[in-house]
Amino acid sequence: MICITGDIHGETKYVTQLCERYAPSPTDCVILLGDVGVNYHCDLRDRRRKEELAACGVPILCIHGNHEQRPAGLGPYSLKEWNGGQVWVEEDFPQLLFAKDGEIYTIDGYRFIVIGGAYSIDKLYRISNRIGWWPDEQPSFEIKEYTEQQLAAHRIDYVLSHTCPFRYEPKERMLPGFDRSRIDDSTERWLDTIEASTDYKGWYCGHWHVDKRIDKMHFLYHGVECLPGSGKEDQL
């Protein structure tokens, strides 16, 4: 079983409640669609949250959001192979898996490609108040190029991203009166091209703090969707 949910921003209770309700086993997987919030302060606060997540006893795959640091720049993390792709893992918390953008993971017979990152509309506020903000929050040119190469070379079943393609942006979640010209929506517009050229069964995204579905686009916040194992992986 694969359980997918949205941003928790360090509120580990949402994952604890998920595990209590769905009872995933150590061979199942929980997926968090970005803004997990356990690589934010890089101090004891983050460690306590990691301990709480690890106590759930299930592998947790974390997508990169825009309110957290990339594990690649943090000392405790190293890359390891997991389900056909690479993940960032901290030795003290081997069940907390931080996805590398553009990687494809085979979980319960399904192939997932991961595309993290988004623009922070609260960027200036966070900078001026010395609250964590990091300039690599959005996917780089290299990440985009790698993702496109992966999709050209491999079949996938599902896309896991933090934000959504531009044409699916939930307008009702946009702040009224906010100057949209100040927003860098290059990631969403690039995802438009990915969505238009990719054959997929479903696309799951977070970021927008809403639970809704448009066609095959699944927005998740505190909602949870579960996929049963497919049983077999197709041979290439």
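In the elastic network of the chain, a GNM with C-alpha springs shorter than 10 Å, the most mobile of GLU195, GLU142, GLU11 is GLU142.
Rounded, prolate or oblate: which fits the range 1-126, taking a ≥ b ≥ c as square roots of the Cα gyration tensor eigenvalues, rounded meaning a/c under 1.5, else prolate when a/b beats b/c? Cα axes put the range 1-126 in the rounded bin. Here the Gaussian network model covers the chain, with springs between Cα atoms less than 10 Å apart; of HIS162, HIS64, HIS222, HIS222 fluctuates the most. A helix-only calculation puts the chain at -6500 deg cm²/dmol for mean residue ellipticity at 222 nm, using -39500 (n - 2.57) for each DSSP H run of at least four residues, averaged over all residues. Restricting attention to the chain, close to 50% of DSSP beta bridges with both partner residues there are antiparallel.
Cα centroid separation, the range 95-167 to the range 2-70: 16 Å.
One decimal place: the segment GLU145-ARG173 gains 7.1 nm when fully extended, by the rule 0.36 nm per residue minus the C-alpha distance.
Among the trypsin sites (Lys or Arg not before Pro) found in the range 37-134, those both in a DSSP coil and sparsely packed, with 10 or fewer other Cβ atoms within 10 Å of their Cβ, are ARG130.
Within a straight-line Cα-Cα reach of under 28 Å, LYS123 can be paired with the following lysines, leaving aside sequence neighbours fewer than 8 residues apart in one chain: LYS13, LYS50, LYS100, LYS144, LYS171, LYS212. Does the range 146-236 come out rounded, prolate or oblate by the C-alpha gyration tensor, with a ≥ b ≥ c the root eigenvalues, rounded set by a/c under 1.5 and, if not, prolate when a/b is larger than b/c and oblate if not? Here the range 146-236 falls in the oblate category. Overall, the accessible surface of the range 84-236 at a probe of 1.4 angstrom is composed of carbon and sulfur to the extent of 50 percent. For ARG130 and LYS80, the FRET efficiency from 1/(1 + (r/R0)^6), where r spans their Cβ atoms and R0 equals 41 Å, is about 0.75. For a test of the definition: using alpha carbon positions, the gyration tensor, and the 1.5 limit on a/c, classify the chain as rounded, prolate or oblate. Here the chain falls in the rounded category.
Identify the trypsin sites (Lys or Arg not before Pro) of the range 132-236 meeting these criteria: DSSP loop state and at most 14 other C-beta atoms within 10 Å of the C-beta. When the trypsin sites (Lys or Arg not before Pro) of the range 132-236 are filtered for loop state and at most 14 Cβ neighbours within 10 Å, ARG155, LYS201, LYS216, LYS232 remain. Near GLY132: Cβ cut-off under 13 Å, other residues only, Lys/Arg at +1 and Asp/Glu at -1. The net charge is -2.
The values are calculated or read from the model by the stated rules, or taken from the named source; none is laboratory data. Everything numeric in this text was worked out from a predicted model, so none of it was measured. Methodologically, a virtual Cβ is constructed for each residue, glycine included, from the backbone with ideal geometry; neighbour enumeration extends over all protein chains shown. Accessible surface areas use protein heavy atoms only, side chains included; no ligands, DNA or RNA. Shrake-Rupley method; radii C 1.70, N 1.55, O 1.52, S 1.80 Å.
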